[in-house]
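The values are calculated or read from the model by the stated rules, or taken from the named source; none is laboratory data. All figures in this text were calculated on a predicted structure; none of them were measured in a lab. Neighbour counts are summed over all protein chains in view; Cβ atoms, including those assigned to glycine, are modelled from backbone coordinates with ideal geometry.
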Amino acid sequence: MSVPPSDPVPAEALELRESASRERREKLSSFLSDWQAVAGLVLVVAFFASAIFAPWLAPYDPNAMDIPARMSGPSWDHIAGTDQLGRDTFSRILHGGRVALYIAAIGVSASLVVGLVLGMIAGYGPRWLDNLLLLLFDAVRSFPAVILALATVALTGPSLTVVLAIVIITTIPSYARVARTATMALRHTEFILAERSLGASTPRILFHHVMPNVIGPLLILAAMEVPVVVSIEAGLSFLGIGVLPPQASWGTILNEGYLVIRDTPWMVIAGGIPLILTTLGFTFLGEALRDLFDPRMGRGR
Amino acid sequence: MTDDTLLNIDGLTLDFRTNRGRVKALRDISFPVRKGRILGIVGESGSGKSTVLWSILGLLAGNAEVMAGRIDFEGRDLLKLTPEALRAIRGEQISVVFQDPMTSQIPVLPYARQMSDILYRRTMSDNEKRKAAVEMLRRVGIPDSDSRVDAYPHEFSGGMRQRAGIAMSMLTGPNLLLADEPTTALDVTMEAQMIGLMRGLREDFETTIVVVSHNLGLIAEMCDDVVVMYAGEVVETGEVHDIFHNARHPYTRALLECDPARIADVSRKLPVIPGDIPDLTRPLPGCIFATRCQRVMPECSSLAPPLVPRGTGVARCHLLDGPLADPAWPPPPEVPTVARDAGEPVPPQVRRTAEPLLDVSDLNVRFRTMGPVRARIRGVSDPFVDAVLDVSLDVKPGETVALVGESGSGKTTLGRTILNLQQAAGGVVRFEGKDILGMKESRFKPLRRDMAMMFQDPVGSLSPRKSVRALITEPLVIHGAEGRNLDTEAERLADMVRLPRGFLARYPHELSGGQARRVGVARALALNPRLIVADEPTAGLDVSVQGEILNLMADLQAEHGLSYLIITHNLPVVRHIADRIAIMYLGRIVEEGPAAEVFAAPAHPYTRALVDGVPQPDPDRRRPPAAAIEGEVPSLLRRPTGCDFVSRCPLAREECRMAKPAHRNIAPDHRHACLFPLRKTPELTETA
């Protein structure tokens, strides 16, 4: 019988490990040679850093009023100008970023987790459960987020918690659908059958064997969803049903700027730029990640 | 290059650029293809046999780079042609028969359209093109071809689809037909038909055929010339008789000896070629086969072997010529050159008197064909098909029972139903006397310690994101591994299936088929089961590796007193490992008995067709003409009312069409379901 020499770690295994790390290096270098990926990464890092370190980066208290300097344009004292109460717009943008990050981080991760679990259950469970969950997803998706928020706020009054809840509920279906389709494709594969033949329980199959194979596309989707969530928050705050004044948010800055746009355009510009940059950053990053993990879907240019 | 050479490959050297480095996939490939002959390229996976085929047509993957060599066809070097010139040759002068007709034909176009599109260069009217298509379909044996030409690929059965694929490739009247594993996707009985068809076409159209296959039987039966490839090199070429009766290269010799169909005496231990193919990214001085050769000499790994001619062929080996030549090589065909196995012979452990471990009686499995509402609307009273029909079978402790059938015979479904992975419609399954059919999973779970399953696809049945360590200890985790050290357990199991411990850190996609199969065996054995249901344990494995797995299974059986229920279509393998054989056709067992007896003197005509249908790796032993049975396995939706086999049986009579024949015993342990069995007495007829 062929017992290969009992070398503790065969040379080819070592080589394989080596080749795996070489592959990782190559992937990294191809990632870094894509200007969109780098731009995305820089913008996303900037978004996180400015939001987290806002209290230290902001030159003024975001709510400190300086009436004599109200509605000034950009200057050395106030690099993004001031609003109608003389508050420093730059400081307010930095603090508004905190709100955006808070909503994005909690909203995206919560709906990712819930969507993943529901999607796997729909894809793996019995047909009736799948149909029921699909009906639920479609029902939720048929409401535009803003309309749903307006209706909810009419009942509860405006608050950040409501915004968060709306964001989570309305984005769950997109994750769930992706997870469901991927799970269904795995459901009848031999390795899942093999797990069943060993006596693995359904939760074990789902979390140990299905999840690692479906989570990749979901993470990419999550990166792409961040700007959606950020703009929902900004939109709702703009309409006055999200973050309440005086707390700063990109949406409230835009709203206040909109009221005084005939006097000064600077507030609208200053409130819009971070939104645009965040959206671009996460979209670039998401696309680059998709190219990295799924070369088949690479851009056909 | 002589007059009768149609295509000449000379010094073809080709690299694949991968992120592991340059893989030297082909090195100095040279052989002629002679006009009007069928040339077979045979080799195991990784030998580069398909790469040679695709380089003829210039259809290589994007990362392939031809480093040297030429391919001469009708006075031109195909490697230097412009893409336009190459396109003019493809399909017209050289065409291809693909392995899988399902994926190589356009699903949304009828054959008439697909085939007239192939004739796009011809100035023919649509009517003439259609006529040509009908005529060619008729020629390849498709009945009612003038109406079937309007069918879509999905309306054809597997065998008919491959016939249509051959018709498409022959439509333009090519000089050279390339066939890539043309029968691998087909059943044994269909394979015999395809070999006959392609040989017939060669006679009628004077086409030269190059066929690539790993199947020695197919090569022996179909080809005139043979090229043997190993790890990207041609090790031996020659006429089919020379290769199969007087192989000169140690690899050819070993490959032939490993084929279970060639081994006359029944033996539980099969010969193997130890080791793996070398890493082709490294420089390879000397003989490519040196690392696995039984006759290796110190010089073999450094000195390139000489090219020794014989007749129209060559062989590349130090044993044949030069200072290292051994006049005693090659030894006569009776003398084995490959070690059988160092292990001691297996003591028979079968206790025939024991109560059956697994006892299946009258098991039925039905599949729904349409929803209840649609069935009501369409007026279908019975919207089910019987995948498994009244099957009775038992497995005794320490016994190996083989369940043999073609695709669609319900053998896999039966295996899954026994393990409670598939719902049954009726019947009884007893394990150690306990009725287990339809048990709730929570109650069945403890039984899974005693009954394990090995799945068909060695790599695909392993969870892709888990390491080998996690995979082989998973059964222990699932069934509670209190107090066990999982690392030691992993090493124990790896040692048991002779998997080097370094592989524990690997992932399934980094394993070869044989290594992945060992992981599958380790998983099945982790809980010390009493019964293993093995679904095609040798599927996807090379001839030289399948022996290792079967020997391992036999050793483990002897050691642990395991019982096996082996589900397979591979009769030659079964003959060596099974105590009893059950033949299944359309979900019903048509014959069951001791392995030796079933092989030597089958009672059911279907069994005989299967036994005779196996292509023999011996060019002189053509199968008896009556052996090739007509047609193919009918769809379960069109189960005949009488005997299931009646539509294909050469001996069918009127009575056979009336009712299903009941099972009858011709010996206490040998039964069949045929009204007019080929033999009625239990005596073994030696002439059969």
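Note down all Cβ pairs under 6 Å where the first residue falls in region B:403-428 and is touching a residue at least 60 places away in the same chain (Cβ under 8 Å), the second is of a type in the set (D, E, K, R) and part of a helix (DSSP H, G or I), and they're at least six residues apart or on different chains.
Partner pairs satisfying both residue conditions: B:L403/B:K411; B:G405/B:K411.
State yes or no: is B:A582 part of a strand (DSSP E or B) and either under 25 Å from B:S635 (Cβ atoms) or without any contact (Cβ under 8 Å) to a residue 40 or more places away in the chain (or both)?
For B:A582, the condition - part of a strand (DSSP E or B) and either under 25 Å from B:S635 (Cβ atoms) or without any contact (Cβ under 8 Å) to a residue 40 or more places away in the chain (or both) - is met.
Being closer than 14 Å to B:L284 by Cβ and charged (D, E, K, R) is the filter here; which residues of region B:13-37 pass it?
B:D15, B:R22, B:K24, B:R27, B:D28
Being of a type in the set (A, V, I, L, M) and either part of a loop (DSSP other than H, G, I, E, B) or within 14 Å of chain A (Cβ to nearest Cβ) (or both) is the filter; apply it to region B:244-274 and report the residue that is surrounded by the fewest Cβ atoms within 10 Å (Cβ to Cβ).
Taking region B:244-274 and keeping what is of a type in the set (A, V, I, L, M), we get B:247, B:254-256, B:261, B:263-264, B:266, B:270, B:272-273.
With the extra rule that they be either part of a loop (DSSP other than H, G, I, E, B) or within 14 Å of chain A (Cβ to nearest Cβ) (or both), the set shrinks to B:247, B:254, B:263-264, B:266, B:270, B:272-273.
Working: B:A247: 24, B:A254: 26, B:I263: 18, B:A264: 6, B:V266: 13, B:L270: 25, B:V272: 26, B:I273: 25.
Out of the qualifying residues, it is B:A264.
In contact with a Ser or Thr (Cβ under 7 Å, 6 or more places away or on another chain) and not polar (S, T, N, Q): does that describe A:G272? Walk me through it before giving the result.
On the way: in contact with a Ser or Thr (Cβ under 7 Å, 6 or more places away or on another chain): no; not polar (S, T, N, Q): yes.
So A:G272 does not fit the description; no.
Give A:I169, A:I121 a once-over and let me know the one that is modelled with pLDDT of 90 or more, closer than 20 Å to A:V226 by Cα and assigned to a helix (DSSP H, G or I).
A:I169
Go through region A:197-207 and give me each residue that's of a type outside the set (S, T, Y), surrounded by fewer than 18 Cβ atoms within 10 Å (Cβ to Cβ) and within 9 Å of chain B (Cβ to nearest Cβ).
A:R204 - this is the single residue of region A:197-207 that is of a type outside the set (S, T, Y), surrounded by fewer than 18 Cβ atoms within 10 Å (Cβ to Cβ) and within 9 Å of chain B (Cβ to nearest Cβ).
Can you say whether B:G547 is part of a strand (DSSP E or B) and over 19 Å from B:L493 (Cβ atoms), as far as the supplied structure shows? Outline the logic, then answer.
Details: part of a strand (DSSP E or B): no; over 19 Å from B:L493 (Cβ atoms): yes.
For B:G547, the condition - part of a strand (DSSP E or B) and over 19 Å from B:L493 (Cβ atoms) - is not met.
Quick one: in region B:65-89, which of the residues that are surrounded by 16 or more Cβ atoms within 10 Å (Cβ to Cβ) and of a type in the set (D, E, K, R) is nearest to B:G48 (Cα to Cα)?
B:R70
What residue, of B:D382, B:D390, B:D362, B:D386, is assigned to a strand (DSSP E or B) and loosely packed, with under 15 Cβ neighbours inside 10 Å?
B:D362
Can you tell me which of B:F16, B:F73 is over 30 Å from A:S29 (Cβ atoms), touching a residue at least 12 places away in the same chain (Cβ under 8 Å) and outside the structural domain of B:L255 (by TED's automatic domain parsing)?
Matching residue, one of B:F16, B:F73: B:F73.
Checking B:L421 against (1) of a type outside the set (D, E, K, R); (2) over 15 Å from B:R518 (Cβ atoms); (3) surrounded by 18 or more Cβ atoms within 10 Å (Cβ to Cβ); (4) facing another protein chain (nearest Cβ under 9 Å), which test does it fail?
For B:L421, the failing item is (3).
Inside region B:480-520, can you point out the residues that are in a loop (DSSP other than H, G, I, E, B) and surrounded by 15 or more Cβ atoms within 10 Å (Cβ to Cβ)?
B:A481, B:V497, B:R498, B:L499, B:P500, B:R506, B:Y507, B:L511, B:S512
Does region B:277-296 include one or more residues that are aliphatic (A, V, I, L, M), part of a loop (DSSP other than H, G, I, E, B), within 11 Å of chain A (Cβ to nearest Cβ) and farther than 17 Å from B:V227 by Cα? First the steps, then the outcome.
So the first thing to find is which residues in region B:277-296 are aliphatic (A, V, I, L, M), and the list is B:277, B:280, B:284, B:288, B:290, B:296.
Next, from what is left, pick out any that are part of a loop (DSSP other than H, G, I, E, B): B:277, B:280, B:284, B:288, B:290, B:296.
Then keep just the ones that are within 11 Å of chain A (Cβ to nearest Cβ); that gives none.
Within region B:277-296, none of the residues are aliphatic (A, V, I, L, M), part of a loop (DSSP other than H, G, I, E, B), within 11 Å of chain A (Cβ to nearest Cβ) and farther than 17 Å from B:V227 by Cα.
Does at least one position in region A:209-216 carry a residue that is within 14 Å of chain B (Cβ to nearest Cβ) and without any contact (Cβ under 8 Å) to a residue 12 or more places away in the chain?
yes
Based on what the data block shows, is B:A167 under 29 Å from B:H569 (Cα atoms), in a helix (DSSP H, G or I) and at pLDDT below 90?
No: the conditions fail for B:A167.
B:P174: within 30 Å of B:Y606 (Cα to Cα), in a loop (DSSP other than H, G, I, E, B) and not aliphatic (A, V, I, L, M), yes or no?
No.
Out of (1) in the same structural domain as B:N485 (by TED's automatic domain parsing); (2) more than 20 Å from B:S463 (Cβ to Cβ); (3) out of contact with any helix residue (DSSP H, G or I) (no Cβ under 6 Å at 6 or more places or on another chain), the odd one out for B:A505 is which?
Status for B:A505: all satisfied but (2).
Taking region A:227-256 as the search range and keeping residues that are among the small types (G, A, S) and buried (at least 20 other Cβ atoms within 10 Å of the Cβ), which one is nearest to A:G86 (Cα to Cα)?
A:A248
Which numbered condition trips up A:A194, out of (1) surrounded by fewer than 16 Cβ atoms within 10 Å (Cβ to Cβ); (2) in a helix (DSSP H, G or I)?
(1)
Return a yes/no flag: does region B:559-566 have any residue that is within 14 Å of another protein chain (Cβ to nearest Cβ) and not in a strand (DSSP E or B).
Yes.
Just one of (1) over 21 Å from A:R262 (Cα atoms); (2) not in a helix (DSSP H, G or I); (3) not charged (D, E, K, R) trips up A:A100, so point out which.
Among (1) over 21 Å from A:R262 (Cα atoms); (2) not in a helix (DSSP H, G or I); (3) not charged (D, E, K, R), the lone unmet condition for A:A100 is (2).
Quick check, is A:A200 closer than 30 Å to B:A452 by Cα and touching a Pro at 6+ places or on another chain (Cβ under 7 Å)?
It is false that A:A200 is closer than 30 Å to B:A452 by Cα and touching a Pro at 6+ places or on another chain (Cβ under 7 Å).
Quick one: how many residues across region A:231-285 are among the aliphatic types (A, V, I, L, M) and assigned to a helix (DSSP H, G or I)?
16
Check region B:432-454 and report whether any residue there is under 17 Å from B:T568 (Cβ atoms), assigned to a loop (DSSP other than H, G, I, E, B), in contact (Cβ under 8 Å) with a residue 60 or more places away in the chain and within 14 Å of chain A (Cβ to nearest Cβ).
Checking region B:432-454: not a single residue is under 17 Å from B:T568 (Cβ atoms), assigned to a loop (DSSP other than H, G, I, E, B), in contact (Cβ under 8 Å) with a residue 60 or more places away in the chain and within 14 Å of chain A (Cβ to nearest Cβ).
Can you name every residue in region B:140-157 that is under 22 Å from B:G196 (Cα atoms) and out of contact with any helix residue (DSSP H, G or I) (no Cβ under 7 Å at 6 or more places or on another chain)?
Across region B:140-157, the qualifying residues are B:P143, B:D144, B:S157.
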